[in-house]
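Student: Take a look at this one; I'll ask things after.
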Amino acid sequence: MRATLLALLLAAALGTPGRAAEAPAESDALKPMVKSDSLVFNGITRSPDGRLFSPFQRQSKDTGLELGEWRDGKAVPFPDAAWNAWKLGDDPAKAFVAVNAIRIGPDGDLWVVDKGAPGMGAAPLPGGPKLVQIDLATNAVRKVYPLQAATGEKSFIDDFRFNGSHIYLTDAGQPGLIVLDRETGGLRRVLDGHWSTIAQRPLTGQGRVLRDDQGRLLFIHADQLEVSPDGKTFYYQACR
């Protein structure tokens, strides 16, 4: 009951509603499209003209893809090698540090959220947290929206959704939600530290509790989110 009430109240609190993207038609059968030996993170995104993109997680520091486009069955750096070549000491505002989620926006561009932290449990680097808008007609970055003003040392910007002129993002590290105004670039946090954004148990996998490189328990706070098709209701939850 409390979660439902919060969802209804947030519809007004988060900004002017707009229509969410329509879901693709269901297929009668599933078939493999691509495969990779690398860790593909948060799924594959498909553009209206059939192009496929994936976020990756580097398996070793300073090497590997963060964002790739699938071409002839192989993932290649996107939008270019430079955006995928970040290493410690480079400017984190101008390259991908740690891509966490991607999606095609209502404008047809590819949008990419970068948590800006060089490792699991690491603090975001100055200028690292950002939302990157990429023009698929030119394969070039159209705009970068810095998120640092709404993040803290424990922030882990996780995922995002569109609703009119607003973009909603979840912070899975420092529990809360972030609202970005696309027109002004303005940021604000809502439900910061609220019970509904806080994970109730540590992350588990394959029947065991997961820990970071320092042996600390991993908690994924505000995580999944969605906007109703009519743009009037916002849903979210912590990873439980």
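Student: For ALA137 and ILE44, compute 0.36 nm times the residue count separating them, minus their Cα-Cα distance, and round to one decimal in nm.
Tutor: 31.6 nm
Student: Taking the mean number of other Cβ atoms within 10 Å as a proxy for protection, how do you rank 126-138, 148-160, 166-178, 206-218 from highest to lowest?
Tutor: Final packing ranking: 166-178, 148-160, 126-138, 206-218.
Student: Which far-off residues, 5 or more places away or on another chain, put their amide H under 5 Å from the one on PHE56, with H placed in the peptide plane?
Tutor: PHE41, LEU67, GLY68
Student: Hey, another quick one. Shape of segment 61-215 from its Cα gyration tensor (a ≥ b ≥ c, root eigenvalues): rounded if a/c is under 1.5, otherwise prolate when a/b > b/c, or oblate?
Tutor: oblate
Student: Continuing with this model, one more query. Under the classification rounded if a/c is under 1.5, otherwise prolate if a/b is larger than b/c and oblate if not, where does segment 123-180 fall, given a ≥ b ≥ c as square roots of the Cα gyration tensor eigenvalues?
Tutor: Note, shape of segment 123-180 comes out oblate.
Student: Further question: Using each residue's phi in segment 194-206, evaluate 6.51 cos²θ - 1.76 cosθ + 1.60 at θ = phi - 60° and report the 3J(HN,Hα) Karplus result to the nearest Hz, with x for Gly and Pro.
Tutor: Listing the rounded values in order: 5, 4, 6, 9, 9, 5, 8, 7, x, 5, 10, x, 6 Hz.
Student: Sticking with this one: Here is the link list: LYS74/LYS94; LYS74/LYS115; LYS87/LYS115; LYS94/LYS115. Which ones come out longer than 22 Å on Cα distance? Intermediate values should be presented prior to the final figure.
Tutor: Working: LYS74/LYS94 25 Å; LYS74/LYS115 25 Å; LYS87/LYS115 15 Å; LYS94/LYS115 13 Å.
In this structure, LYS74/LYS94; LYS74/LYS115 exceed 22 Å between Cα atoms.
Student: Between rounded, prolate and oblate, where does segment 128-240 land on the alpha carbon gyration tensor, with a ≥ b ≥ c its root eigenvalues, rounded for a/c under 1.5, else prolate if a/b exceeds b/c?
Tutor: prolate
Here, each number is a calculation from the coordinates, and none is a lab measurement. Just so it is clear, the structure is predicted and the values come from calculations on it, not from any experiment. Cβ: placed from backbone, ideal geometry, glycine included. Neighbour counts: every protein chain shown.
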